[in-house]
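The structure appears below as structure tokens.
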Amino acid sequence: MQIFLIFNSIALPVLTRPELDIKAKTIISIVGLALSMVWFLVTIRAEQWIHFWNGAMRRLELLDFDRRRQDTDAPRVAVFSSLGFRTLSEEWVTVHRILLGVTFVAMAVWLWLLLYFSFEPR
């Protein structure tokens, strides 16, 4: 995320410089759009992995509860299988969705800039 923010923080103001060539502005816009698209896909994949591992931990906890019924010395842990965790993890506003929104806005800005510089009279 830091590289994404640093690139956008540096590259977007650079495009406002009038002495910068249109070709350079177009290339910077292509790189910005590509970086935003890659970050969008990385964020989606990270969310999928988090759901996978949360589900795996929930299944392990449920195995622990089954074992507890037979053995009173079994560990008693209920984090991923608790109702509170499930409620929080299924909320509409999560960090991943916020990151997806930020990345989507960046993609839209870079696409607009790419189209603007591509069709600007030279």
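Taken together, the values in this text are just the output of simple stated rules run on the coordinates, not laboratory data. From a predicted model like this one, the values you see are computed outputs, not experimental measurements. Neighbour counts are summed over all protein chains in view; Cβ atoms, including those assigned to glycine, are modelled from backbone coordinates with ideal geometry.
For this structure, a couple of remarks:
- Ranking of 9, 118, 29 by count of other Cβ atoms within 10 Å, fewest first: 9, 118, 29
- Spherically averaged projected area of the convex hull of Cα atoms, the chain: 9.2 nm².
- Farthest towards the positive end of the charge dipole of the chain, among the residues 119, 11, 98, is the Cα of 119, using unit charges on the Cβ of Lys, Arg, Asp and Glu.
- Distance from the C-alpha centroid of region 8-59 to that of region 83-122: 9 Å, rounded to the whole angstrom.
- With respect to the chain, whose longest principal axis is taken over its alpha-carbon atoms, helix 22-70 is tilted by about 0°.
- Compared with the alpha-carbon gap, the fully stretched path from residue 79 to residue 105 is longer by 5.9 nm at 0.36 nm per residue.
- The helix-based estimate of mean residue ellipticity at 222 nm for the chain, built from -39,500 (n - 2.57) per DSSP H run of four or more residues and divided by its residue count, is -27000 deg cm²/dmol to the nearest 500.
- When each of the peptides 33-42, 14-23, 79-88 is scored by how many other beta carbons lie within 10 Å of its residues on average, the order from highest to lowest is 33-42, 79-88, 14-23.
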